[in-house]
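Here the structure is laid out as structure tokens; the discussion comes afterwards.
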Amino acid sequence: MRKKTRGPSRTWIKLYTTECLRGSIRDTLTVEQRSVWYDLLLMAGDSREDGIICATKGVPYPHRRIAQMLGIPSSLLGTSLKKFTEQGRISEDGDGIHITKWQVYQATYQPRLKGFEEGEEPEPAEELSSERLARQAELDSKLPKRELQKLSPERQEAARAYKEDPDKFIKGKYGHMVRR
């Protein structure tokens, strides 16, 4: 059996449950379009080029090939891509389909690196933007009390702080949102 040679790719991607269940994705996309959106996110995570759906660097997949890979009609892919572009979720050029804000939403992913000597540390992952953290605190602050109690203590505190005074909300030492 021949071993596949690949560049770095992710083995998982982050999906934000609150935004997926209660956000604009659910309100503005049909069931089929949501399915296409999540499949595109998975393809972007599996790609050799982080956040870009392409065969290899500088070589985009033809739309009909993407439709075949996803097992959907080309017409559904075409209408979905058009809507995603209008909404600013993707952009497309000669390199492939770029997922907008990929680095913001997937920033803390760090692949498991083999071959580390004991005591060596991988380079730290890029921090989430304060805009993203503030948005998460804003969304958390709108959750019912029962749901809020299921969150980590840090997220609960950030949501309470945001609810009390959104202007006093800043990024803390370890990347979480805290009061000034």
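Here, each number is a calculation from the coordinates, and none is a lab measurement. Values in this document were obtained by computation on a predicted structure and should not be read as measured data. Please note: Cβ atoms are built from the backbone with ideal geometry, for glycine as well, and neighbour counts cover all protein chains shown.
Going from the fewest other Cβ atoms within 10 Å to the most, the residues C54, C20 appear in the order C20, C54.
In this structure, the pairs whose alpha-carbon distance is over 29 Å, taken from K83/K163; K14/K142; K82/K163; K82/K142; K101/K142, are K83/K163; K82/K163; K82/K142. Placing pseudo-labels 7 Å out from each Cα toward the beta carbon at K14 and Q68 gives an inter-label distance of 3.5 nm. Taking other residues whose beta carbon is less than 15 angstrom from the beta carbon of A67, and scoring Lys, Arg as +1 and Asp, Glu as -1, yields 0. FRET efficiency for the pair D27 and D165, taken as 1/(1 + (r/R0)^6) with r the Cβ-Cβ distance and R0 = 30 Å, rounds to 0.60.
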